[in-house]
Amino acid sequence: MKNKLILQPNTILPRRNKLAKLHFYYSAMNAGKSTSLLQSSYNYNERGMDTLLLTPAVDNRFGEKTIASRVGLTAGATAVSNTEDLYQLIANALDKNSNIKCILVDEAQFLVKKQIQQLAYATDDFNIPVLAYGLRTDFMGEPFEGSKYLLALADQLIELKTICHCGRKATMVLRTDSAENVLRDGAQVVIGGNDSYISVCRKHFREGKIK
C-alpha cells in the first residue's frame, strides 16, 4: 500500500504574490529530516506541482541519486558534487520544467559556502522556495561549512527536534567506535556509519555519555 503523507504545520507551500524564502531545517541525527523533506515533496506533487530534489553526491548510503528516510520512504534525486553550480542547475531545471515550484536539498551540511550562496541567489532571482535540511554541527561540536552559511543566509530557521537518552532535547552528536568508546577526533565525514552516531544534549556531549 502506498504511503500516505500528512501535511504538517512546518510544511512550506508557495503563496501567491509573496517573495520566496530560503529555509534551513536543522537538527541532530535521527530527527526525521529526510522524512520531512520527502513529505514536503509529496505534498507539492499531490497538488499538481513538481519539485527538484538535490542531494550531495558524497552521501551515497542508499545508492546514488536517492534520498531515503528511516521510516522507509525514498525518492530519486539529482546528486551534486561540491563543485556543482547550483544556481545554474536550478536555472536549467526551471527552463526545462516551469511546473517546478520548490527546491528541496537533503544533507545540506555537506555543501560548500559558494553553493549556499547560489541557493540563496536562486531563491531571490527565480522567486522559488528552497528547503534545505541538514545537521548543524559534527561529532566534535564544530559547524559544517554548509550549515554555517545556511545559518547566516537563510530567511527562516526551523529546528527539527529529537531527544537525548536523558529526555532533554538533543542538540549535539557523539561518534563512537565498535566498542562504544566516544571519539573526539577524526575525519569530519564518515558515510555509512549511522549506527556510530548518537544524538545527545549538550551536557552529555560534554561528558561523553551515550546512555
Going through (1) aliphatic (A, V, I, L, M); (2) touching a Ser or Thr at 6+ places or on another chain (Cβ under 9 Å); (3) free of Cβ contacts under 8 Å to residues at least 12 places away in the same chain one by one, Val130 fails only at (3)
Selection status of Gly134, in a helix (DSSP H, G or I), surrounded by 20 or more Cβ atoms within 10 Å (Cβ to Cβ) and not charged (D, E, K, R): no
| said: Any residue that is within 20 Å of Gly48 (Cβ to Cβ), of a type in the set (Val, Ile, Thr) and in contact (Cβ under 8 Å) with a residue 24 or more places away in the chain - is there at least one of those in the stretch 78-101? | reply: yes
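Condition check: over 18 Å from Leu151 (Cα atoms), surrounded by 14 or more Cβ atoms within 10 Å (Cβ to Cβ), modelled with pLDDT of 95 or more and not polar (S, T, N, Q). Does Ile67 satisfy that? So that I can check it myself, show each step before the final result.
Values: over 18 Å from Leu151 (Cα atoms): yes; surrounded by 14 or more Cβ atoms within 10 Å (Cβ to Cβ): yes; modelled with pLDDT of 95 or more: no; not polar (S, T, N, Q): yes.
When the stated conditions are applied, Ile67 does not pass them.
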Scanning the stretch 14-50 for residues that are in contact with a Lys or Arg (Cβ under 8 Å, 6 or more places away or on another chain), modelled with pLDDT of 95 or more and either within 18 Å of Leu94 (Cβ to Cβ) or in a loop (DSSP other than H, G, I, E, B) (or both) gives Tyr44, Met49, Asp50
Q: Answer yes if at least one residue in the stretch 70-80 is of a type in the set (Lys, Arg) and assigned to a loop (DSSP other than H, G, I, E, B), and no otherwise.
A: yes
Looking across the stretch 53-64 at residues that are over 11 Å from Asp106 (Cα atoms) and touching a strand residue (DSSP E or B) at 6+ places or on another chain (Cβ under 7 Å), the single one that is modelled with the highest pLDDT is Glu64
Can Ser147 be described as surrounded by 22 or more Cβ atoms within 10 Å (Cβ to Cβ) and not hydrophobic (A, V, I, L, M, F, W, C)? yes
Picking from Ser41, Ser98, the residue that is more than 17 Å from Ala122 (Cα to Cα) and out of contact with any Phe, Trp or Tyr (no Cβ under 9 Å at 6 or more places or on another chain) would be Ser41
Going through the stretch 70-90 in order, the residues found to be touching a Phe, Trp or Tyr at 6+ places or on another chain (Cβ under 9 Å), closer than 22 Å to Arg47 by Cβ and either loosely packed, with under 13 Cβ neighbours inside 10 Å or polar (S, T, N, Q) (or both) are Thr74
Within the stretch 91-122, residues over 21 Å from Thr74 (Cβ atoms), surrounded by fewer than 24 Cβ atoms within 10 Å (Cβ to Cβ) and β-branched (Val, Ile, Thr) come out as Val112
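The values are calculated or read from the model by the stated rules, or taken from the named source; none is laboratory data. Keep in mind it's a predicted model, so treat the numbers as computed, not measured. Positions of Cβ are backbone-derived with ideal geometry, glycine not excepted, and every protein chain shown enters the neighbour counts.
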